[in-house]
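The values are calculated or read from the model by the stated rules, or taken from the named source; none is laboratory data. A quick note: this is a predicted structure, and the numbers were derived from the prediction, not measured. Counting neighbours? That spans all protein chains shown, and the Cβs are built from the backbone with ideal geometry, glycine included.
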Amino acid sequence: MILIKTADEIELIRQSNLLVSKTLAELAKHIKPGVSTGRLDQIAETFIRDHGAVPGFLKYQGYPKTLCTSVNSEVVHGIPSEKVILEEGDLLSVDCGVIMDGFYGDTAFSFEVGAMGEKVRSLLTTTRECLRKGIEQAVDGKRVGDVGFAVQEHAERHGYSVVREMVGHGLGRDLHEAPEVPNYGRRGTGPKLKKGMVICIEPMINMGRRQIKQDPDGWTIRAADNLPSAHFELAVAIDKRKADVLSTFEYIDEVLQKQSN
Ligand code: MF3
Ligand code: CO
Ligand code: CO
């Protein structure tokens, strides 16, 4: 069953997602060569607790940390560690969740560590565009397959591939609610989107082939061909003419802009 949220519930989900957005922006200040993903995790946990919330991923199905930090060929669910030291040119995807006032926030951004090669930067640009294309379809009356089709078409047009095994999802009092929101699909198929539904759209796009493998740690998902993979995620509430985007990359972009000046 796909839950329809009230306006008040949507406001609470917005607050949770804005806190995640601000947490990612705080991390943006610290993402540079030499920092460990374990250190980033500590910074995120402190920031979340200081703002009256609880990390959403910590202990979720036994997950051990606050963030998922996935480097280069890691697609998602990389586990932060003091032993993982970021290097110039790395691609770092950071996925973060919180619970505040009973509702989850869940948002992800892929960062460049220092200066990055042109090919990987294009993967980031296209993956972020894929997310926007998906969000354009997330309106009342469209179907889940319209979202997936838009994401897939944009990724494949650029010669990239779409990870199939992991998908977006409904969001609310649970981190993963119905419906599943694949990043591939056929137009006009799947559950119908209705005003008041809240979903996370989260394309995972590989530079090479779409196949994945799992590391022996039981969490980390990696591109089977070891080529780079990017991941962006926003939470949106379905509305009549245009999705109401509940998380934002604006705070992150502000920090990154200041750094480049
Ligand atoms: N954040 C992931 C998602 O976007 C879920 C992570 S669950 C965890 O759906 F347990 F790995 F943290
Ligand atoms: Co996420
Ligand atoms: Co998600």
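Brief remarks on what is shown
- Residues in the range 97-123 that are over 17 Å from SER260 (Cα atoms), part of a helix (DSSP H, G or I) and touching a strand residue (DSSP E or B) at 6+ places or on another chain (Cβ under 8 Å): VAL120, LEU123.
- Checklist (1) over 15 Å from the mean Cα position of the chain (by Cα); (2) within 16 Å of ligand 2 (Cβ to nearest atom); (3) not polar (S, T, N, Q) applied to LYS213, failing item: (2)
- One residue stands out among those in the range 194-230 that are of a type in the set (A, V, I, L, M) and surrounded by fewer than 24 Cβ atoms within 10 Å (Cβ to Cβ): the one that is nearest to ligand 3 (Cβ to nearest atom), which is ILE221.
- Residue within the range 222-241 that is small (Gly, Ala, Ser), more than 16 Å from ligand 2 (Cβ to nearest atom), assigned to a loop (DSSP other than H, G, I, E, B) and within 18 Å of the chain's Cα centre (by Cα) present: no
- Pair list, Cβ < 6 Å and 6+ apart or interchain, from the range 1-15 residues that are closer than 21 Å to THR107 by Cβ to residues that are outside any loop (DSSP other than H, G, I, E, B): ILE2/ALA178; ILE2/PRO179; LYS5/VAL198; ILE10/ALA237; LEU12/PHE103; ILE13/PHE103; ILE13/VAL198
- Top-ranked residue in the range 174-183 [being over 10 Å from LEU3 (Cα atoms), touching a residue at least 12 places away in the same chain (Cβ under 8 Å) and surrounded by fewer than 20 Cβ atoms within 10 Å (Cβ to Cβ); ranked as nearest to ligand 2 (Cβ to nearest atom)]: LEU175
- Residues being hydrophobic (A, V, I, L, M, F, W, C), touching a Leu at 6+ places or on another chain (Cβ under 9 Å) and closer than 20 Å to THR66 by Cα - total across the range 202-248: 4
Every residue, every condition in (1) polar (S, T, N, Q); (2) assigned to a strand (DSSP E or B); (3) buried (at least 22 other Cβ atoms within 10 Å of the Cβ); (4) within 16 Å of the chain's Cα centre (by Cα), yes or no:
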{"site": "THR46", "(1), (2), (3), (4)": "yes, no, no, no"}
{"site": "GLY52", "(1), (2), (3), (4)": "no, no, no, no"}
{"site": "GLN61", "(1), (2), (3), (4)": "yes, no, no, no"}
{"site": "SER70", "(1), (2), (3), (4)": "yes, yes, yes, yes"}
{"site": "ILE79", "(1), (2), (3), (4)": "no, no, no, yes"}
{"site": "LYS83", "(1), (2), (3), (4)": "no, no, no, no"}
{"site": "ASP95", "(1), (2), (3), (4)": "no, yes, yes, yes"}
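- Being outside any strand (DSSP E or B) and basic (Lys, Arg) is a property that ARG186 has.
- First in the range 90-111 and farther than 14 Å from ARG128 by Cα and away from ligand 2 (no atom under 11 Å from the Cβ), second anywhere and assigned to a strand (DSSP E or B) and at pLDDT below 95, Cβ under 7 Å, 6 or more apart: none
- Every pair of residues 6+ apart whose Cβ atoms lie under 8 Å, when the first sits in the range 57-70 and is more than 19 Å from MET100 (Cα to Cα) and touching a residue at least 12 places away in the same chain (Cβ under 8 Å) while the second is of a type in the set (S, T, N, Q) and assigned to a loop (DSSP other than H, G, I, E, B): SER70/THR220
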